[in-house]
1. If you place +1 on the Cβ of every Lys and Arg and -1 on the Cβ of every Asp and Glu, how big does the dipole about the Cα centre of the chain come out, in debye to the nearest 20?
2. For the chain, with a Gaussian network of springs between Cα atoms less than 10 Å apart, report the residue from Val153, Val100, Val142 with the top mean-square fluctuation.
3. Can you tell me what share of the DSSP beta bridges in the stretch 7-218 is antiparallel? A percent to the nearest 5 is fine.
4. Describe numerically, in nm with one decimal, the distance between label points set 7 Å from Cα along Cα→Cβ at Leu211 and at Glu225.
5. Under the rule of at least 5 residues apart or a separate chain, name every residue whose amide H is placed under 5 Å from the amide H of Arg55.
6. Looking only at Thr233, Thr116, Thr99, which one moves most when the chain is put into a Gaussian network model with springs between Cα atoms under 10 Å?
7. Within 10 Å of each residue's Cβ, count the other Cβ atoms and sort Thr191, Thr96 from fewest upward.
8. Once you have all Cα-Cα distances for the stretch 158-215, histogram them in 10 Å bins from zero and send the whole-percent values.
Amino acid sequence: MTEDGSFRIITICATNTAQGVLDAQGVGDEDDRRLVANLVVGAVLLREAMAPDYRLQAVLKHPIFGSVTADSFPEGQTRGLVQLPLDTPLELGDATHLTVIRAVHGGALHQGVVETTAEGGVSQALMTYLASSEQVHSVIAVGSIFDETGRVVHAGGYLVQLLPGADAEMLAVVIARLERASAIELLLERTLGAPEVLLHQLFGNIPHTILAENEVYYGCNCSEERVATALATLSDDDLEELFAGDDEVSIDCDYCGKVYDIDREAIDVQKNS
């Protein structure tokens, strides 16, 4: 944060996180891989900015071509879900919307939905959400770089947020610096994706204080107990059909692909708990 309290900046390196999501989901199309990686970066930035102690999901969805979800948790782990039934790249604009779902104090959920544009990419969609749903003036840039094999070399970005009572002169300085900044992909390449170097590129000589450093990593919170709990919500008839006379059933996690062998006893325990 600037020492005068005018701005705060969050920078992120999520290279391994983005690659973990892509590996787990088996995303092959180049455009979809970039979209997924950028959404993962954006979801972490939004959570850190708006709800660092709560879970946040960012979903890009088209009514025909499917959806991409980035799911970020306060412990720093993030996972993703890619559902593109027609094997067609999910393009922004037209009918594709960004939905952001986050927990708030008291356990309630807050949901905001905005339209996306083809020109602005994920970065513009995130800024539109913050401006329309949260009335917060922010500049967001997310990007990803891939090698010739399709692996993520760098995935990262930044969020610059105007704080209440910002000094007018400092506002002009920061906006001018952002306008002169290179495209996010060039910044990631120049800084090797290091968030502290990216932070210096953006703040320069503006006096500031680093308030926190948090770990970001790929991970899934699925477990055998969670799967059994979900199955316990089914009716007895549905469970009979699911087991089809077998002693156990295999259920795989849509996010990470891990397979759980669940028996009826585990489900009964959850039903009776």
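Coordinate-derived values only; no laboratory data. Keep in mind it's a predicted model, so treat the numbers as computed, not measured. All Cβ positions, even for glycine, are placed from backbone atoms using ideal geometry, and neighbour counts span all protein chains on display.
1. 1300
2. Evaluated over the chain, the most mobile residue of the options is Val153.
3. Restricted to the stretch 7-218, the bridges split so that about 95 percent are antiparallel.
4. 3.3
5. The list, which skips near neighbours in sequence, is Ala103.
6. Thr233
7. Lowest to highest Cβ neighbour count: Thr191, Thr96.
8. 19, 53, 26, 2
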